[in-house]
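Accompanying notes for the structure given below.
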Amino acid sequence: MNLWHQFLWVIFPYLALVTFVLGHIYRYAYDQFGWTAGSSQLMERRLLMWGVLLFHWGILFVFIGHVMGLLVPIEVYRAMGVSDHSYHLLALWAGTLFGVIALAGILLLNIRRWFISRIRTNTDTMRFLTDGLLLVVIFSGLAATVGYRIYAAQYDLPAEFEYRENIAPWFRSLFYFAPQIELMLEVPLMFQLHVLLAFLLFALWPFSSLVHVFSVPLGYLRRSYIQYRSSNPKAAISREKDRRKSRKPVGVDQGRKE
Amino acid sequence: MRVKAQVAMVMNLDKCIGCHTCSVTCKNVWTSREGTEYMWWNNVETKPGVGYPKMYEDQERWKGGWQLKNGKLELKAGGKLRKLANIFFNPDLPSIDDFYEPWTYDYETLTNAKPSEHQPVAQPISQLSGDPLDLQWGPNWDDDLAGTPETGHLDPNIRGELEESVRFEYEKVFMAYLPRICEHCLNPSCVASCPSGAMYKREEDGIVLVDQEQCRGWRYCVSGCPYKKTYFNWETGKAEKCTLCYPRIEAGQPTICSETCVGRLRYIGLVLYDADSVEEAASVPDEKELLEAQRRVFMDPNDPEVVEQARFDGIPEDWIQAAQRSPIYPLAIDWGIALPLHPEYRTMPMVWYVPPLSPVMGFVEGEGSEADPDDVFPAIDELRIPIQYLANLLSAGDEEVVRRVLKRLAAMRGYMREKNLSGAGVEEIAASVGMEPQAIEDMYRLLAIAKYEDRYVIPLAHKELAHELYEQRGSQGLDFAASRAPAANGGNAAYSCSLDFAGGPGSCASGETGAPGGSPRNEGFYAMKDELEKKARALGGKVAAPNVQFFKNKQDFESFHLKGRGPQGAGA
Ligand code: SF4
Ligand code: SF4
Ligand code: SF4
């Protein structure tokens, strides 16, 4: 274990995660005006529809898959009686399916961004970077999943690479501040690459339009349709309190008097 | 009953000359920035015509506004869950080509041209991509019925019976201009559609704004507004819309579009309405009943009980008085000659229109005719095309409503002419449209000769407790200057005006540079602002609102206005 390993599996991930967290806090505090999904639907609509829908729905399930694979320890599955083989069968098929969907989507979005001139002209560097990086990360993830099988078949290795016994515990170990570097050293290159690229993406995340992920407007479901704001909120609140407490003035009924 | 005040507008369409001054002044002030080139918060469209954006009135396609679903009011584009399920891609959003692709010209070829046999030509260049553009559509492409034989049938108001007759009778055209701004609706579907809760109606004056900091760019307000009066800024990724020039309204001044209106056809004033009955009125099942229901929501500001309730609901005394002097209530209720645009969208728009008599007069005797009511009334009774068309615009297709209004307008002309010529028979004319002679004369005065003070009755905003506003800084309208650009006048960001930012409208830049043409009115305004800032500093920097006015009383306010306007003010 040399300094290089230290850097790749401890220093760099922590730098990326700290940037991710502090970056979001900073951006949220100082750049509300810049916090937007940055849609280009106004400029082009047909390709966007396909790209955006494929990508978002695909990535949503890919994300759930990652939670299942990285955050849920393998012991939990075993205790639940899910055999390693059936886990990997599901992971392979569902993962590949949604991975391909997300990949197709992000590919289309990248093509659209590069080749439609009204969009290209109005895209900033960060957007090019993150869109491109998303493509590479998704591609590398898919390549690791599928590619490893092909590789393993050629060299007579076990067909399923059990990342739940190295990558997953290493990832979790970052969060209780006892990073287990040794777990990552023997991981196949494709998986290593996928992990590192993903951390690079995390580092850029707070400074890009990806922040919109944290703005899923769930509050919409609970609020009333019409929103009022007062330029004098205190007065408005106390007025409303008075209203509720006291009775309406006598003799006033509903509607305009004829 | 809960009385609220709303700033409302009425436009008298007969007087609109289609000069687009209103659109241009609004654009100069509000939307001359990158990302907003294609936005016309005020636009003037020729009717019949496709409108801006193209066919925006076709709600089957764009799904703007509200509809009744099982007797309950629901957004036409679907409820909240449906919206969240569609959050990645808004299926009902018009693309920029439905507005138009903004362009400029390659002027350099002209200025750098060498002597040559042929004139050099400046090519149009897209302001979106910088590429050369083959112009196919632009703002007011069908102005004055240009190209209407090709595009006119796309007008969503030409439907049913009209569809056949209008197509065949284009030689006998009729035409009217329709200036449109945001309606600042009582039941705004844009606000209801915003998943982030960034849009809101101001409690005090009903102005509908987008919080630029809270907007996340989901674009549902754009598709949710049936009038397509919220726009998506493709540069900032946020929605923007007409602000009803709230900094001016707060200072007791009319909006830019009204102030500069050449036809002097706009009226601004307060209406008092019953906030508790809005939903019920917007949910009336029969579309043709909607107009009456909307009228019932307005409260008579001279009714002592209403006044008492208004006081109880915290409406300041001078606002109640302003509502009593408001030109809107008589136009919309007493005389009933102003009608809402497309009441069937159920948003309860607050910009109403006096329908134009000229399309009818055109059929009787040619434009500008002084025809007798004896000639005009039968025409109003018999003419189908312009009246049905106006009814589709202004009364959910109820022709009787439009007929009644047009007859009142025609009667007013006849009445005044008789009165000036012979003085006889005027009572009968008034009676024939069910009005008192005095009411007709009042109506005539307001429509024909009203001065500035009578057309715009706008009370000052009450910002005595302005320090409380400090907490709300940055949450209104276009107030993003403070976070983005340093204040232009070098002041503390807390004092910076919402309009002070690079390339921005600059309405609040310091006096010498900001006042167009150095008009005395504007000087007064800026002097006020300087004064205000001094006060703000003395108070320890706790005043954020750019247009807080410290008038002590009404006389103070009026003398400021009269002094400010000077001899060259409009209407003088
Ligand atoms: S007209 Fe204005 S207030 Fe009404 S729905 Fe449209 S944007 Fe909202
Ligand atoms: S009220 Fe102001 S912002 Fe709105 S259209 Fe008129 S000038 Fe433009
Ligand atoms: S400035 Fe007045 S007259 Fe001219 S187009 Fe606008 S509303 Fe009509």
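The values are calculated or read from the model by the stated rules, or taken from the named source; none is laboratory data. These figures come from a predicted structure and were not determined experimentally. Ideal geometry is used to build each Cβ from the backbone, glycine not excepted, and the neighbour counts take in all protein chains shown. Accessible surface is based on the protein model in full, side chains and every heavy atom, while ligands, DNA and RNA are left aside. Shrake-Rupley method; radii C 1.70, N 1.55, O 1.52, S 1.80 Å.
What is the percent carbon and sulfur in the accessible area of segment B:266-455, measuring with a 1.4 Å probe over the protein chains and ignoring ligands? That share works out to 46 percent.
Classify chain A: rounded, prolate or oblate, from the alpha-carbon gyration tensor (a ≥ b ≥ c, eigenvalue square roots; a/c under 1.5 rounded; otherwise prolate if a/b is larger than b/c)? Prolate is the answer for chain A, as a/c is 1.5 or above and a/b outweighs b/c.
Over the C-alpha atoms of segment B:266-455, the Rg to Rh ratio, Rh being the Kirkwood estimate, stands at 0.99. Heavy-atom accessible area buried between chains A and B is around 6500 Å² (1.4 Å probe, both sides summed). Approximating the spin labels as points 7 Å out from Cα along Cα→Cβ, the B:D276-to-A:F175 distance works out to 5.1 nm. Cβ-Cβ distance of A:V67 and A:D124, R₀ of 25 Å, FRET efficiency by 1/(1 + (r/R0)^6): the value works out to about 0.20. Of interest is the spacing of the C-alpha centroids, which for segment A:11-81 and segment B:422-451 amounts to 68 Å.
Using a cut-off of 11 Å between beta-carbons, work out the net charge of the residues near B:Y231 (Lys and Arg +1, Asp and Glu -1, B:Y231 not included).
+3
Using a cut-off of 20 Å between Cα atoms, the listed pairs B:K47/B:K76; A:K241/B:K80; B:K201/B:K229; B:K241/B:K534 include B:K47/B:K76; A:K241/B:K80; B:K241/B:K534 as exceeding that distance.
For chain A, the solvent-accessible area with a 1.4 angstrom probe is 56 square angstrom per residue. Label-to-label distance for B:E163 and A:A152 is 6.3 nm, based on points extended 7 Å past Cα in the beta-carbon direction. When peptides B:410-418, A:112-120 are sorted by average Cβ neighbour count within 10 Å, with the highest value leading, the order is B:410-418, A:112-120.
Mean partner shielding of peptide A:38-50, defined as the number of other chain Cβ atoms within 10 Å of each residue Cβ, is 6.
Per residue of peptide B:211-220, the mean number of Cβ atoms on other chains within 10 Å of the residue Cβ is 5. For A:L8, the shell of other residues with beta-carbons less than 14 Å away shows a net charge of -2, using +1 for Lys and Arg and -1 for Asp and Glu.
Backbone amide hydrogens, once placed in the peptide plane, bring B:E203 within less than 5 Å of A:R229, A:S230, A:S231, excluding anything fewer than 5 places away on its chain.
Peptide B:90-98 shows a mean partner chain C-beta count of 4 within 10 Å per residue C-beta. Prolate is the label for segment A:83-164. Its Cα gyration tensor axes, ordered a ≥ b ≥ c, give a/c of at least 1.5 and a/b above b/c. With θ taken as phi - 60° and the Karplus curve 6.51 cos²θ - 1.76 cosθ + 1.60 applied, the whole-hertz 3J(HN,Hα) list for segment B:123-128 is 8, x, 10, 5, 7, 8 Hz, x standing for glycine and proline. Multiplying the residue separation of B:D454 and B:L81 by 0.36 nm and removing their Cα-Cα distance gives an extension gain of 129.6 nm.
Can you pull out the GluC sites (Glu not before Pro) in segment B:62-141 whose DSSP state is coil and whose Cβ has at most 16 other Cβ atoms within 10 Å?
B:E117
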